[in-house]
Amino acid sequence: MSVPHFRSSDASASSPITFQILQQKKQAGHPIVALTAYDYATARLVDEAGVDLILVGDSLAQVVLGYDSTLPVTVDEMLHHTRAVRRAVRRALVAADMPWGSYHLTVEDALANAVRFIKEAGAQAVKIEGGVARAELVERLTAAEIPVIGHLGLTPQSIHRMGGYKVQGKTPAAIGALLHDAHTLEAAGAAALVLEGMPRETAARITAEVGIPTIGIGAGPDCDGQILVFHDLVNLSFSPPAKFVRRYGDAAALFRSAVETYRRDVEARAFPADAESYHLSSEVAASLADPEN
């Protein structure tokens, strides 16, 4: 099988990303670049920057909607944001998180909800959390032509069971369970796996043993790719960053400075200036100045 030469510099001219391309990147050892996005503007910037995979993550519950966790976000809210992202994207593969409660009751309910993400919102894949317990669902979704990204390790939708956001896969037994989960999801048809909040060594072993791409977040550099929350990347999350977050910009400072400067200009009547104002034509202005009119 021939493997293409991937160059980030010609990302904007590349063909749309597919799971087949992500698979080729794994085989070629070329890192997969993933990032979250939740609206048209940021999705367009992320796509134009050459990111391979955009996830409309249920993290929007916290960074966009202001909830305390991912649990309250609804299917309709996720669909709303996925549609906005899909309208912006030309190259990246767009996946959507299925929120808590949308796939936890019956397989039939889960399938119906997943269909909405593909049909109504334009997502090209859905992401679900959990291991062996999700194998039947992954099989059904895959049979329905819906690509599935699995999510193992620290699964935020399980914070109550886990007792908080805690690193997973630190003991031999826990590592064995995660490996079993990964192999089971792969066998069920998962197209890729997100590995979150686990020791680097654990993620490296999973990545080496499975044939599908792994995308790490807080799982070390040995995964096939990496993902971060957009708002963490640019300092818009208004909370202390996790250990694995690297901030590449300070949008909060930029936006705050711009708004404060705007406020000062309005208060000083420095905005809008005459050049930023519309004017009557000279004829109309003259007629208004004539007291007989």
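The numbers here are math on the coordinates, done by the rules we state, and not lab data. Keep in mind it's a predicted model, so treat the numbers as computed, not measured. Cβ coordinates were reconstructed from backbone atoms using ideal geometry, including for glycine residues, and neighbour counts include every protein chain displayed.
What order do you get for 52-62, 154-164 when each peptide is scored by the mean count of other beta carbon atoms within 10 Å, highest first?
Details: 52-62: 26.4, 154-164: 14.7.
Averaged packing, sorted descending, gives the order 52-62, 154-164.
In the Gaussian network model of the chain, springs joining C-alpha atoms below 10 Å, which of 270, 208, 121 carries the largest mean-square fluctuation?
Per the Cα network of the chain with a 10 Å cutoff, 270 tops the list.
Taking R0 as 22 Å, what FRET efficiency do you get between residue 142 and residue 106 from their Cβ-Cβ distance, rounded to the nearest 0.05?
Numbers: r = 17 Å, r/R0 = 0.79.
Computed FRET efficiency for residue 142 and residue 106: 0.80.
Quick one: if the Förster radius is 45 Å, what FRET efficiency do residue 285 and residue 49 give, using the C-beta to C-beta distance and rounding to 0.05?
Numbers: r = 48 Å, r/R0 = 1.06.
Once the sixth-power term is evaluated, E becomes 0.40.
Which order do 105, 45, 141, 22 fall in if you start with the one that has the fewest other Cβ atoms within 10 Å? Could you put the intermediate results ahead of the total?
Values: 105 10, 45 14, 141 27, 22 23.
Going from sparsest to densest Cβ surroundings: 105, 45, 22, 141.
Given springs between every Cα pair under 10 Å in a Gaussian network model of the chain, which of 31, 172, 16 has the largest fluctuation?
172
With springs only between Cα atoms under 10 Å apart, run a GNM on the chain and tell me which of 15, 69, 281 wobbles the most.
Most flexible of the set in this elastic network: 281.
Hey, what number do you get for the chain at 222 nm if only DSSP H runs of n ≥ 4 count, each worth -39500 (n - 2.57), divided across all residues, to the nearest 500?
Working: 12 runs with 119 residues, N = 293.
That comes out to -12000 deg cm²/dmol.
Compute the projected area of the convex hull of the Cα atoms of the chain, averaged over all viewing directions, and report it in nm² to one decimal place. Show your work: numbers first, answer last.
Numbers: hull surface 85.9 nm².
Taking the Cα atoms of the chain, their convex hull projects to 21.5 nm² on average.
Looking at segment 1-160, what % of the alpha carbon pairs are farther apart than 19 Å? Don't jump to the answer; show the numbers that get you there.
Details: 6941 of 12720 pairs.
Of all Cα-Cα pairs in segment 1-160, 55 percent lie more than 19 Å apart.
Determine the gain in length on full extension of the stretch residue 238-residue 259; use 0.36 nm per residue of separation and subtract their C-alpha separation, reporting nm with one decimal. Could the numbers behind the result be given before it?
Working: separation 21, 0.36 × 21 = 7.56 nm, distance 1.69 nm.
Fully extending the segment from residue 238 to residue 259 adds 5.9 nm.
Please give the length that would be gained between residue 68 and residue 183 if that part of the chain were fully extended, namely 0.36 nm times their separation in residues minus their C-alpha to C-alpha distance (nm, one decimal). Walk me through the intermediate numbers first.
On the way: separation 115, 0.36 × 115 = 41.40 nm, distance 3.27 nm.
This chain segment gains 38.1 nm when fully extended.
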